[in-house]
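The values are calculated or read from the model by the stated rules, or taken from the named source; none is laboratory data. Just so it is clear, the model here is predicted, and its values are computed rather than measured. Methodologically, a virtual Cβ is constructed for each residue, glycine included, from the backbone with ideal geometry; neighbour enumeration extends over all protein chains shown. These accessible areas exclude ligands, DNA and RNA; they are computed on the full protein's heavy atoms, side chains included. Shrake-Rupley method; radii C 1.70, N 1.55, O 1.52, S 1.80 Å.
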Amino acid sequence: MTKKEYIEKIANLIINRVRFHAPIVTDDEIDFALLEVVGIDPTLPIFKFDKELDKVFFSAFKLAKESVQFNLILTKAPILNENKVLQMENTFIIFEEEMGSSLLANIESLNINYRSHTKFSNEINEDYIALNGQKIELNYLPYYLHKKGNNDSVLYEISEFILNGKNFLLSFTNPYKQNRKLEFEINVMLPRGYYIFKNDGESVEIENLCNKDKAYFNYNLKGAKFNFSCVSGLESSTYACVNLKMTVELRPLEIKKFYFNYGENKYVFDSPRDALAFFKISQNKMNEIFDLQVQTKDKKFDDLFNRYIPQNIWLSWLKNGVDEESENFYLKSRENLVKNIDGAVQINEHFEGLKEVRFFRNLGWKRVFIVPSENRYLFANKVKYFNFTLLTKEIFSKNKEIYLSFGA
């Protein structure tokens with residue numbers, strides 16, 4: 001191995017630590033203000049180097065800093081000229097005996113240079129549910145993901161939906177007269193960063209060390225094993241997750257149901273019925289957002305507006321993202337279809353090819369049929385209102401079907 005190859009190898013090890021290592025923090029009392037006072041950037045990783053910096057490591061750190069940003073803290077005097085070393089961005093020479101106990105404790109807490117496996121698996125998993133080691137692909141239905149199936153003679157049903165974060169409903173059924181068991185795993189990815197995790201037996205508190213934001217992974221089971229790093233061989237990783245594994249044991253004809261939530265609030269449901277009610281609330285909330293469906297002479301537009309655009313938007317929300325193009329298309333199309341006037345709704349009579357408009361009102365769908373006629377009227381509850389086409393709250397509350405004509 002040449003000297004250049006050796007330096008490149010060390011630089012890659014440094015880069016791997018910066019990209020993948022997160023601090024192994026046992027206490028969340030980090031004094032970021034103290035770090036800033038001495039010039040350390042608390043938004044960047046801290047790499048504490050306790051050896052004398054020689055030419056080889058200087059070249060390796062310099063090469064690594066071309067690819068990744070980090071604070072390099074040298075606790076021993078370098079063999080090289082100090083001024084040359086300090087020309088590297090975010091590099092500090094601070095002797096342990098001079099830095100004080102508080103600063104040392106903060107640096108040690110956030111240090112990413114600790115012993116670990118040097119060969120990482122760079123393939124980072126995303127959210128998934130696995131049964132007996134097999135990842136289950138959920139199918140989209142408005143507005144949740146769902147899958148029913150059979151895995152090693154255990155019937156399962158899985159649903160994922162959005163309300164106060166991500167929610168998971170799972171049901172496992174043993175239809176046989178013999179005991180059955182199944183290995184279950186769920187993996188929820190977190191935004192990349194530094195975290196501290198606290199598990200109280202009903203929820204995992206997830207605190208972002210840098211901005212102090214908190215989230216919770218809520219669960220209603222016992223005997224689960226947790227892992228919080230997506231990188232094999234690392235106890236703590238910048239690619240963080242909540243990974244839960246457990247063995248589900250089922251007696252003959254037994255049904256077990258589980259509920260998980262990842263969101264900003266800490267709570268747990270006492271019964272599967274409560275979790276199912278929560279799912280129904282989520283569906284109503286989504287229908288209140290996407291509260292309009294149409295049937296026109298343009299089937300392509302109908303499919304886009306009724307299904308594919310809401311689906312794209314919802315799937316982006318599920319991944320904590322925003323699909324601006326789809327959202328803008330939906331809002332502009334909706335504005336072109338209907339106008340809100342003092343709490344009532346006016347359908348655009350000039351919208352070409354319009355046959356039917358469905359509105360989600362009062363926890364149900366109301367159908368408005370556009371009918372050809374020489375007269376202008378609204379027909380509802382067996383009453384025809386001539387020269388009136390405004391859909392009021394009262395009309396929606398008393399009718400499931402409404403007929404509307406804009407005249408010749």
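Quick one: which residues, 5 or more positions from Asn220 or on another chain, have an amide H under 5 Å from its amide H? H modelled 1.01 Å from N in the peptide plane, none for Pro or chain starts.
For Asn220, the qualifying residues are Tyr259.
Under a 10 Å cutoff between Cα atoms, tell me which one of Lys147, Lys76, Lys285 has the largest fluctuation in the Gaussian network model of the chain.
Ranking Lys147, Lys76, Lys285 by mean-square fluctuation puts Lys76 first.
How compact is segment 184-302 by the rule of thumb for globular proteins, expressed as Cα Rg over 2.2 N^0.38 Å?
1.40
Amide H neighbours of Lys48 under 5 Å, at least 5 residues apart or on other chains, H built in the peptide plane: list them.
Ile73, Ile112, Asn113
What is the angle, in °, between the Cα long axis of helix 272-289 and the longest principal axis of the Cα atoms in the chain? Nearest 10 is fine, range 0 to 90.
The two axes meet at around 70 degrees.
Angle, helix 309-318 long axis vs. longest principal axis of the chain, Cα atoms, 0 to 90°, nearest 10?
30 degrees
Over the chain, average the accessible area per residue using a 1.4 Å probe and give it in Å², no decimals.
With all protein chains present, the chain gives 55 Å² per residue.
So how much slack lies between Lys245 and Glu356, counting 0.36 nm per residue of separation and subtracting their Cα-Cα distance, in nm?
Additional length available on full extension: 35.1 nm.
In whole percent, what relative contact order does segment 58-115 give with Cα contacts below 8 Å and a gap of six or more residues?
Value for segment 58-115: 30 percent.
How large is the charge dipole for segment 1-144, taken about the Cα centre, if only the Cβ atoms of Lys, Arg (+1) and Asp, Glu (-1) carry charge, to the nearest 20 debye?
Charge dipole of segment 1-144: 880 debye, to the nearest 20.
Of the cross-linked pairs Lys166/Lys355; Lys257/Lys280; Lys9/Lys65, which ones have a Cα-Cα span greater than 25 Å in the structure shown?
With Cα atoms farther than 25 Å apart: Lys166/Lys355.
Using only Cα atoms, figure out Rg for segment 321-407 and give it as a multiple of 2.2 N^0.38 Å.
Dividing the Cα radius of gyration by 2.2 N^0.38 Å gives 1.17.
Hey, any idea what % of the chain's accessible area is carbon plus sulfur with a 1.4 Å probe?
47 percent
Can you give me the Kirkwood hydrodynamic radius for segment 261-408, using every pair of distinct Cα atoms, in Å to one decimal?
Mean inverse Cα-Cα distance, inverted, gives 17.3 Å.
Please work out the Cα convex hull volume for the chain and give it in Å³ per residue.
Per residue, the Cα convex hull of the chain comes to 217 Å³.
If I take every Cα pair under 8 Å that is 6 or more residues apart in the chain, average their sequence separation and divide by the length, what percent do I get for the relative contact order?
11 percent
Compare the Cα positions of Asn167, Gln134, Leu253 along the charge dipole of the chain (+1 at Cβ of Lys, Arg; -1 at Cβ of Asp, Glu; about the Cα centre) and return the one farthest towards the positive end.
Leu253
Using the crude model of +1 on Lys and Arg Cβ and -1 on Asp and Glu Cβ, and no other charge, please compute the dipole size for segment 317-383 relative to its Cα centre, in debye to 20.
With Lys and Arg at +1 and Asp and Glu at -1, about 460 debye.
Express in nm, to one decimal, how much length is gained between Asn81 and Leu315 on full extension, taking 0.36 nm for each residue of separation and deducting their alpha carbon distance.
78.8 nm
How big is the charge dipole of segment 25-103 about its Cα centre, in debye rounded to the nearest 20, if each Lys and Arg gets +1 on its Cβ and each Asp and Glu gets -1 on its Cβ?
Roughly 580 debye for segment 25-103.
So between Asn348 and Lys382, what do we pick up on full extension, going 0.36 nm a residue minus the alpha carbon distance?
9.9 nm
On C-alpha positions alone, give me the angle between the axis of helix 3-20 and the longest principal axis of the chain, in degrees, nearest 10.
Roughly 50 degrees between the two axes.
Could you tell me which of Gln69, Asn90, Ala344 has its Cα farthest along the dipole of the chain towards the positive end, charges placed at Cβ (Lys, Arg +1; Asp, Glu -1), taken about the Cα centre?
Ala344
Can you list residues whose amide H is under 5 Å from Asn399's amide H, if they're 5+ apart or on another chain and H is modeled 1.01 Å from N?
Answer set, sorted by chain and number: none.
So what is the 222 nm mean residue ellipticity for the chain from helices alone, if each DSSP H run of at least 4 adds -39500 (n - 2.57) and you divide by all residues, rounding to the nearest 500 deg cm²/dmol?
-7500 deg cm²/dmol
Spelling out what I want: for every residue of segment 230-242, take phi, set θ = phi - 60°, compute 6.51 cos²θ - 1.76 cosθ + 1.60 (Karplus), and round to whole Hz; glycine and proline get x.
Calculated HN-Hα couplings, in order: 8, 9, 4, x, 10, 5, 9, 9, 5, 8, 8, 7, 10 Hz.
Which of Lys225/Lys285; Lys285/Lys393; Lys181/Lys225 have a Cα-Cα distance over 25 Å?
As for pairs spanning more than 25 Å Cα to Cα, those are Lys225/Lys285.
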